[in-house]
1. Starting with the fewest neighbours, write out 10, 113 ranked by other beta-carbon atoms found within 10 Å of each beta-carbon.
2. Compute the length gained on full extension between residue 135 and residue 13: take 0.36 nm times their separation in residues and subtract their Cα-Cα distance, giving the result in nm to one decimal.
3. Please work out the FRET efficiency for the pair residue 52 and residue 90, using the Cβ-Cβ distance as r and a Förster radius of 25 Å; give the result to the nearest 0.05.
4. Compute a Gaussian network model of the chain, connecting alpha carbons closer than 10 Å, and tell me which residue from 52, 102, 134 fluctuates the most.
5. Quick check for me: using +1 on Lys/Arg Cβ and -1 on Asp/Glu Cβ, what's the dipole size of the chain about its Cα centre, in debye to the nearest 20?
6. Mean Kyte-Doolittle of at least -1.0 and a Cα length of 18 Å or more along the axis: which whole DSSP H helices of the chain meet both?
Amino acid sequence: MNVRAALRPFLSTLAAPALLITLGSLPIALDDPQLAARTAARSLAATTVLLMVARTLPMMKWVAQMSRVSWLAPLADVALLTHRLIHSLAETARTTDQAQRMRLGGASWRARFRCAEGQAAQLLPASIRRARAMERALDCRLAGAVLKVVA
């Protein structure tokens with residue numbers, strides 16, 4: 001794979017956090033520009049490393065490593081459950097969006113933007129139901145007491 005081709009998705013993933021870091025350092029810059037620059041540079045470096053790790057190492061490898069350490073096993077269960085919930089919600093959002101597109105046909109971006117409200121109204125109750133079901137499952141698996149220590 002070409003380095004430029006691999007760099008594009010990474011930079012597009014980094015764009016939003018970089019913007020938030022820049023905007024967050026503006027109030028600091030009014031008082032001390034050097035402190036703002038150092039803080040923004042360190043934050044951007046940490047975010048870049050975190051994104052590199054997240055994009056290169058699969059979640060299952062992280063969970064497997066965490067499960068091997070006894071005191072991290074409950075945290076691994078929570079991480080795995082959160083990972084499953086996020087992917088489940090993303091799939092529901094994708095399916096809802098696809099259904100809206102099929103219903104609207106070749107509608108404009110404006111029409112799709114107006115329908116985003118309806119999509120959110122459909123996704124929120126489904127996500128709350130799934131989260132509650134997963135919380136019950138995790139509570140049963142961890143026997144309650146262990147989860148309270150982790151939380």
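Computed from the coordinates by the stated procedures, all read-outs in this text should not be read as laboratory data. Given the structure is predicted, the values throughout are model-derived calculations rather than measurements. Note that we place each Cβ from the backbone using ideal geometry, even for glycine, and neighbour counts take in every protein chain shown.
1. Fewest-to-most ranking of 10, 113: 113, 10.
2. Net length gain for the segment: 41.0 nm.
3. Efficiency, rounded to the nearest 0.05: 0.70.
4. With Cα springs under 10 Å in the chain, the top fluctuation among 52, 102, 134 is at 102.
5. With Lys and Arg at +1 and Asp and Glu at -1, about 520 debye.
6. Correct list, ordered by number: 3-31, 33-56, 73-104, 109-142.
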